[in-house]
Amino acid sequence: MVFLYPAMAFAQADEIQVYDGGLAPVGVFNLTVHNNYTPDGIKEPAFPGAVIADKSFNGVPEWALGVTDWFEAGLYLPLYSRDKDTGWGLNGFKLRALFAVPHADERTFFYGANFEFSVNAARWDTSRFTSEVRPIIGWHLAKYDLIFNPILDTAYNGIGSLDFAPSARFAVNTSKVWAVAAEGYFDFGPFNEPYHSNQRGEQIYGVVDRTGGWMDVEAGIGFGLNSGSDKVTLKLILAKDLNKAKAQTKK
């Protein structure tokens, strides 16, 4: 989740991903490891004692269980980061509930919603408790994918203070296992006090995905579009079903 503050953009994140409504099969545990590194980022903390984005390494293991064909439960633990000033540290944890239309990857039009509750360390956020509501809207059109996540973040400080941070993805599936994509991540600030153009989070990523085999892999490089964003960010996502073979045998 990306949180931004009026003084400047707090651009590093533990997770940089556009949700596509895909769920772990019922009864299957999945582990997704999110990691990103910012070789050229914002050099000032968003608030006193915060992790500094420039040359920071951030990530989290995401543990998920397919509960039904429309619901997946998840836990992000532990959130971690390292920057050049504060060193290694833990940033808290998150609980996740993901709801989506069954078999979203087989549908032309798909939809869902993800809900997260975060408990944050002081080095990561000024608010101890925050949440995210992430609607999922998308289309699979032949070999093309178009997906939107119009995200709302809250620190439980009023409807007007909801932070609008949408993301989007356009992908071309070059084969059954490979895809290339462009992703956009933005933060326009709270509804009652939108950010000025130079304070917004605005990043565009080029991404390559490989699905199938022993592990799914997603790698990308992002570029900031304004002074409120990190100039360059690298991301790597590794995902694997931990008990896939056992689940298939039961079927």
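Of all residues in region 188-240, those satisfying the criterion of being in contact (Cβ under 8 Å) with a residue 60 or more places away in the chain and either in contact with a helix residue (DSSP H, G or I) (Cβ under 9 Å, 6 or more places away or on another chain) or among the small types (Gly, Ala, Ser) (or both) are Gly189, Glu193, Gly201, Gly220, Gly222, Gly224, Gly228, Ser229, Ala239. Remark: Tyr76 falls outside the filter, which requires a residue to be surrounded by fewer than 20 Cβ atoms within 10 Å (Cβ to Cβ) and either touching a Lys or Arg at 6+ places or on another chain (Cβ under 9 Å) or in contact (Cβ under 8 Å) with a residue 12 or more places away in the chain (or both). Among the conditions (1) under 16 Å from the mean Cα position of the chain (by Cα); (2) more than 18 Å from Gln17 (Cα to Cα), Leu95 misses just one, which is (2). Among the residues making up region 122-147, those that are among the hydrophobic types (A, V, I, L, M, F, W, C), touching a strand residue (DSSP E or B) at 6+ places or on another chain (Cβ under 6 Å) and in contact (Cβ under 8 Å) with a residue 40 or more places away in the chain are Trp124, Ile136, Ile147. For region 205-216, the tally of residues that are out of contact with any Gly (no Cβ under 7 Å at 6 or more places or on another chain) and over 15 Å from Ser175 (Cα atoms) stands at 2.
Here is the figure for region 170-206: residues that are within 14 Å of Lys143 (Cβ to Cβ) and either at pLDDT 95 or above or among the hydroxyl-bearing types (Ser, Thr, Tyr) (or both) total 11. Within the span defined as region 241-250, every residue fails to be out of contact with any Cys (no Cβ under 6 Å at 6 or more places or on another chain), without any contact (Cβ under 8 Å) to a residue 12 or more places away in the chain and within 29 Å of Val51 (Cα to Cα). When restricted to residues that are in contact with a His (Cβ under 7 Å, 6 or more places away or on another chain) and among the acidic types (Asp, Glu), region 32-68 contains 1. Identification of strands (runs of 3 or more DSSP E) wholly contained in region 159-245 with 1 or more residues that are over 29 Å from Gly66 (Cα atoms) yields 178-187, 201-210, 216-224, 232-241. Only one entry of Asp85, Asp105 meets the criterion of being assigned to a loop (DSSP other than H, G, I, E, B) and either out of contact with any Lys or Arg (no Cβ under 6 Å at 6 or more places or on another chain) or hydroxyl-bearing (Ser, Thr, Tyr) (or both), and that entry is Asp85.
Candidates are the residues of region 221-251 that are in contact with a Gly (Cβ under 8 Å, 6 or more places away or on another chain) and of a type in the set (Ser, Thr, Tyr); the one that is modelled with the lowest pLDDT is Ser229.
The values are calculated or read from the model by the stated rules, or taken from the named source; none is laboratory data. Since we're looking at a predicted model, the values are computed, not measured. Here Cβ is always computed from backbone atoms with ideal geometry, including for glycine, and neighbour counts include all displayed protein chains.
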